[in-house]
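To keep things clear, I will list the structure first and then write my remarks on it.
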Amino acid sequence: MKAWLFHLVALAGLAVLAAVLPAYHANNLARVLVLAVYATGYNLAFGYTGMLSLGHALFFGAGMFGAALPVTLWGWGGVPVLALGMLAGGVVAGAVGLLALRTKGVSFMIVTLMFAQAGYLTLIWFNAVTGGDQGLVLPGAARRVLGIDLTQDAPRLWLALGIYAVALLLAVALVRSRFGRIMLAMRENEERSRMLGYNPYAVKLKVLVVSGLYAGLAGAAYGLFFGYAGAGFATVQYSILPMLYSLLGGAGTALGPLIGAAAMFWLIDFVSSLTNAYLMLVGVALIVLVLFAPRGILGFVRERWLPWLP
């Protein structure tokens, strides 16, 4: 009960922020919330199940173009486009998992990276349809979901908050369920889990598909919310970002990816206004965090004061 209350209070705090933030910060918070959905899905695979993937940009890109192409080719919009993007992410994750999960550890990381790079090159190759590096600009008329105009800052932020709230609460429910305990068992000792009768391949494939659904939804939402889809979102950078968000906020904590995404986003935003060498300062900040709070911000809090956090 305490865990549910903690996350509901966090969502209420975000709602208060959404109501009072000026346009610039409201737009940034919407961006952070969409990226937090992406990182939450990544955290289910990495933080809770122990799958270190460098291929999630493929699922994010699949979701983005799974939504953007129906908009530009057929004039679709709304909830069906978001659903198609989400489905695209899950299907691609399942297809990759069928092959990549035959490996483990570093080999799994490299194989997923290869799949992601192949996906990026495919988007570049079919640039006549995908726009390649230049990408696709989505028309404002198609950027409406349930009557909400996503070209406006406030409606965009509230819908982003709604999507993140559902994604967070579903993640909390999953990790607190019996299947969530199996995920943790896979992370801690895969061979012992096998001895207990669980199939690591099947469990990890299910988790990867769920993670891909999250990534696909985030990619589709990012494209619709901000009116652009480009192959650059399928590069390895967008596989590393959710990993950094999870590590910074606390891998294996449900709210950690949001904290990590927000901390890194606003840290970069602040430091870049001071110097052109902002990435160096961000790197120093991450090193300090790893040295003094290796479990991340929320992981440190859980270790010291809130051991019941999922």
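Taken together, the values in this text are just the output of simple stated rules run on the coordinates, not laboratory data. The shown structure was predicted, so the numbers you read here are calculated from the model rather than taken from an experiment. In this analysis, Cβ positions are derived from the backbone assuming ideal geometry, glycine residues included, and neighbour counts consider all displayed protein chains.
Taking all C-alpha pairs of the range 6-111, those more than 24 Å from each other amount to 42 percent. Only helices reaching 15 angstrom along their own axis (Cα) with mean Kyte-Doolittle hydropathy no lower than -0.5 count here, and for the DSSP H runs of the chain these are 2-20, 23-46, 56-74, 79-100, 106-125, 153-175, 178-188, 200-226, 237-249, 256-271, 278-292. As a proxy for reagent exposure, Met195, Met51 were ordered by neighbouring Cβ count within 10 angstrom, fewest first; the result is Met195, Met51.
Distances between placed amide hydrogens fall under 5 Å for Gly230 paired with Leu136, all partners being 5 or more residues away or on another chain. Each peptide in 296-309, 269-282 receives the mean, over its residues, of other Cβ atoms within 10 Å, and ordering these scores from highest gives 296-309, 269-282. Using the average count of surrounding beta-carbon atoms within 10 Å as a protection proxy, the listed peptides 62-73, 199-210 rank, highest first, as 62-73, 199-210. When peptides 81-88, 187-194 are ranked by their average number of other Cβ atoms within 10 Å per residue, the highest-first order is 81-88, 187-194. Taking 0.36 nm per residue of sequence separation and removing the Cα-Cα distance, the Tyr278/Val16 pair yields an extension gain of 91.3 nm.
Among Ser107, Ser211, Ser239, sorting on how many other beta-carbon atoms sit within 10 Å of each Cβ, with the fewest leading, yields Ser107, Ser239, Ser211.
Using C-alpha pairs under 8 Å with a sequence gap of at least 6, the mean separation divided by the residue count of the chain gives a relative contact order of 32 percent. For Gly47, the residues whose amide H sits under 5 Å from its own are Gly252, ignoring neighbours fewer than 5 places away on the same chain, with H placed 1.01 Å from N. About the centre of its Cα atoms, the chain shows a dipole size close to 860 debye [charges on the beta carbon of Lys, Arg (+1) and Asp, Glu (-1) only; nearest 20 debye].
Placing unit charges on the Cβ atoms of the charged side chains and taking the dipole of the range 12-248 about its Cα centre, the candidate lying farthest along the positive direction among Val172, Leu248, Gly131 is Val172. Sequence-distant contacts, meaning Cα pairs under 8 Å at least 6 residues apart, place the relative contact order of the range 176-287 at 10 percent.
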